[in-house]
Amino acid sequence: MNIKEIVKDIFYVGVNDRVKHRFEALWQLPYGVSYNSYIVAGNEKLALIDTVCIEEVRQYFNNIDSIASDRTIDYLVVNHMEPDHSASIPEIVMAYPDIRIVGNSKTIEMIKGFYHIDGPDRYLEVKDGDSIDLGGRTLRFHLTPMVHWPETMMTYVEDARVLFSGDAFGTFGALNGAVIDRDMETDVHISEMYRYYSCIVGKYGRFVEKAIQKLAALPLSYICPTHGPVWNEKITEVVELVARLAAYKSEPGVVIVYGSMYGNTAEVAEMIAREIAALGIKRIIMHNASHSDMSCMITDAFRYSTLIVGSATYSMRLFPEVESFMNAMETREIKNKVFATFSNFTWAAGAVTGKLKEYAERMKLPVSASLLVKQSAGASTPVEVKEFALQVAEAMKAMEEA
Ligand SMILES: Cc1cc2nc3c(=O)[nH]c(=O)nc-3n(C[C@H](O)[C@H](O)[C@H](O)COP(=O)(O)O)c2cc1C
């Protein structure tokens, strides 16, 4: 059991998942993941904040029972409807038949759609800034649409300065005993936060920025997200990290992603890396798209300033794994990057270069350098690669100085 009183009468009742291989059936979970839920107790009423995935519902009820004991739960506040946080709502309603579900109009519509829960007085619909009184303790609701889904909101406990932030400031990595950042080493959770943000929330940077601005004036002692540690000591660090990613601000570094069947494109990728290293650039990360995990490629592309994409020509298209990667980049509206491409063909000279150019145009990324190799690296390739590397380095310098 993993239960913790965060401040007086505010409890962690979430669960760990060390079984699921891929979050959202996509993203690997080498350190597991936690689904966080909380109980806020007032003098008169008890509120449960979000629920957990259905697979862990038994542990979840044990956690709730050990806190609520013989008190009933009066309110279920639903900050976010993604099923990893909402799938246990029907079980909660069954266990507490008089519970009122607190959400905004979009939340309520989604609960009805997903779980077919209805009935008189079942819902308490809230608008931005509304509050409920638990008896000596107020919960105030701040709507933060598209900080993942349209219904997302955050709940603030005024007297305790605790913010239940939903997926914002969440991260992968189960909770290994401790719940609050000050009681654990957080290096894995912080590093996983880059991957969580880039893969899960990445597309919605402008909404995340809006939410951060909107809540900037709230005094905060604790941020309680729906995944990962409760933030206390590291509030400033994690808010700055997320704000940076939301603004698509990156750190200097080159990420080379390539797709190669028979090694010719890979050979050029290695040549490019060597030339860039020779120019004194130290942070170079290479991903063979057939080998690297997609979430790692997305994360590195998000985090670092320069993205170089190379592909063999495959039936007149990009190599499939490279195409998936570029789709992930476009979906996440990747911007503020130095972008360069290289390609390899045997009979269709412009196919891959053209496809990468189309992505770049749609994503409004200027192509700083482009290299085309027929079949295998030849006598002219080293000179062309040198020139390519120089163009990339110049573009990086220009970006840093801008
Ligand atoms: C399944 C397959 C499809 C290919 N389709 C094309 C193509 O449409 N146009 C082209 O110019 N070359 C095509 N090629 C040739 C490759 O692009 C070429 O052999 C290239 O050098 C492979 O690079 P690699 O060694 O990095 O895999 C194809 C090769 C394979 C195996």
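The values are calculated or read from the model by the stated rules, or taken from the named source; none is laboratory data. Small disclaimer: the values here were computed from a predicted structure and weren't measured. Glycine also receives a Cβ, built like all others from the backbone with ideal geometry; neighbour counts cover every protein chain displayed.
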A168 - would you say it is part of a loop (DSSP other than H, G, I, E, B), closer than 16 Å to S37 by Cα and within 12 Å of the chain's Cα centre (by Cα)? yes
May I ask you to verify whether L139 is crowded, with 20+ Cβ neighbours inside 10 Å and either touching a Leu at 6+ places or on another chain (Cβ under 6 Å) or over 23 Å from R58 (Cα atoms) (or both)? yes
Name the residue that is nearest to E358 (Cα to Cα), counting only residues in region 336-346 that are in contact (Cβ under 8 Å) with a residue 40 or more places away in the chain and more than 11 Å from the ligand (Cβ to nearest atom). A340
Exactly one condition in (1) touching a helix residue (DSSP H, G or I) at 6+ places or on another chain (Cβ under 9 Å); (2) more than 25 Å from E125 (Cα to Cα) is false for M153; which is it? (2)
Between A277, A217, A269, which is hydrophobic (A, V, I, L, M, F, W, C), over 21 Å from the mean Cα position of the chain (by Cα) and within 18 Å of F339 (Cβ to Cβ)? A269
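Yes or no, residue by residue, for (1) of a type outside the set (D, E); (2) buried (at least 24 other Cβ atoms within 10 Å of the Cβ):
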| position | (1), (2) |
| --- | --- |
| E185 | no, no |
| M193 | yes, yes |
| Y196 | yes, yes |
| K203 | yes, no |
| F207 | yes, no |
| S221 | yes, no |
| E233 | no, no |
| T236 | yes, no |
| S250 | yes, no |
Residue ID - nearest to L76 (Cα to Cα), chosen from residues in region 1-55 that are surrounded by fewer than 18 Cβ atoms within 10 Å (Cβ to Cβ) and of a type in the set (V, I, T): I54
Matching helices (runs of 4 or more DSSP H) fully within region 35-143 where at least 1 residues are out of contact with any Lys or Arg (no Cβ under 8 Å at 6 or more places or on another chain) and modelled with pLDDT under 95: 57-68, 83-86
Just one of A301, A389, A360 is within 17 Å of R274 (Cα to Cα) and modelled with pLDDT of 95 or more; which is it? A389
Scan (1) under 35 Å from the mean Cα position of the chain (by Cα); (2) without any contact (Cβ under 8 Å) to a residue 12 or more places away in the chain; (3) more than 16 Å from the ligand (Cβ to nearest atom) for the single condition A379 breaks and write down its number. (1)
Residues that are more than 16 Å from the ligand (Cβ to nearest atom) and closer than 18 Å to A389 by Cα: list the strands (runs of 3 or more DSSP E) wholly contained in region 223-335 that include at least 3 such residues. 251-259, 304-314
Residue count for region 236-290, restricted to those that are free of Cβ contacts under 8 Å to residues at least 24 places away in the same chain, farther than 15 Å from A312 by Cβ and of a type outside the set (D, E, K, R): 4
Read through the list (1) assigned to a loop (DSSP other than H, G, I, E, B); (2) touching a strand residue (DSSP E or B) at 6+ places or on another chain (Cβ under 9 Å), then give the number of the only condition that G177 fails. (2)
